[in-house]
Amino acid sequence: APADVTLFGFTGTCLARGKWTGLDPRVTINWQPNDNLLLYAIYAKGRKPGGFNGTGGISAFAITGEDLTLYDQETAQGGEYGVKYTDPSRQFSFAGSVFYNRLSGVQLTRSIPPTAAGQTTTSVAVNSGDAETKGFELEARFSPIRALNVFTGFTYTDARFTRGCDFDFFVLNSGWLQPNFNTANPTAAGLPFCDITGKQLPLASKYIVNGSVNYEPEVAPDVFLLSNVNFSWESKKFVQTDNLVYVPEAVLVNARLGVRQLGATCRLTATGRALL
C-alpha cells in the first residue's frame, strides 16, 4: 500500500516498485508446395509491460482499499495457421487463417470517483483477469480485367474472459456492501457479484466484414478515371467488462472519384467519407 514518509522535512508518498522482463519468442514455418500456394504456421509470445498509476492509484486505495499504484504486465501466447493462394493468371487470390491466443493479466482501465469535493473522476489501469481469443479470417481478391480490382474480407473473433473479477460489476450487483472489496483476491462470498468469466472483452466486435471495388479505366489517351468504393461493417461491441452497455453495429461507406494523367505529377480527386 502507498505510505507517506518524511525526509529532511519534506513529506512524500512512496509508491510500489515494478520490474518486468522476459523472453518472447516467435517461430514461423512456411511451406510452399508450388508457386501459387503457401501454407504457414506461427507460434509467438508477447507482452505489454506493467506501469504505475501514480496519484490515481493513491486515490483508488482510499476508496477500494486496493493498492492500485502499480499494475502488472499483460502477456500473450498463441498461434496462427493459414493458407495463401494465387491462381496462375493472377486474376484471383485467396487467404485464410485460424488463430488462438491466451492472455494473462489483461490491462484495462477502471474509473475512480473523487474522494473529496472539487475533485474529478479519474481512471487507473488494472489487470482485469485472463482471457482467450480465437477465430478465423478470410480474404479474397478478384481482378477479371486490368482496370478492375475487387476485394472482400471477413473476420470472426471470439474474445472472452476465462477468469476475472470486476470492481464496478461488484458494486452494481452488491449495492457496494463491501467498499474495501479486493478484486485481485475476492472472497468466496463476493466472487459471484464480480465474476466476469465468459464475458466478452470490451471494444471487440465478433464479426467484421469489409471490402472495396477499385476501377481505373483509360478514358482518353494516357488519361485514367480513378474510382473507388470501400465499406466496412462491424457487429456490436461492448463498452465495459460487464457487457451491459454496447456500441451498436456500424456500417461505414467511403468513395473516391478522380482522374490522373500518365506521367503527370498531380491528380484531381473528390472524396466522400461516411456516406452511409
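What to note about this one:
- Counted residues, the range 85-115 - those being out of contact with any Lys or Arg (no Cβ under 8 Å at 6 or more places or on another chain), part of a strand (DSSP E or B) and buried (at least 17 other Cβ atoms within 10 Å of the Cβ): 6
- Qualifying residue in the range 34-41 (condition: of a type in the set (Asp, Glu), at pLDDT 90 or above and open to solvent by 100 Å² or more (accessible area, probe 1.4 Å)): yes
- Meets criteria (open to solvent by less than 40 Å² (accessible area, probe 1.4 Å), among the aliphatic types (A, V, I, L, M), over 30 Å from Leu103 (Cα atoms) and part of a strand (DSSP E or B)) for Leu268: no
The values are calculated or read from the model by the stated rules, or taken from the named source; none is laboratory data. In this text the structure is predicted, and so the values were computed from the model without any measurement. Every residue, glycine as well, gets a Cβ built from its backbone with ideal geometry; the counts of neighbours run over all protein chains shown. Remember, those area values only see protein heavy atoms, side chains included, never the ligands or the DNA or RNA. Shrake-Rupley method; radii C 1.70, N 1.55, O 1.52, S 1.80 Å.
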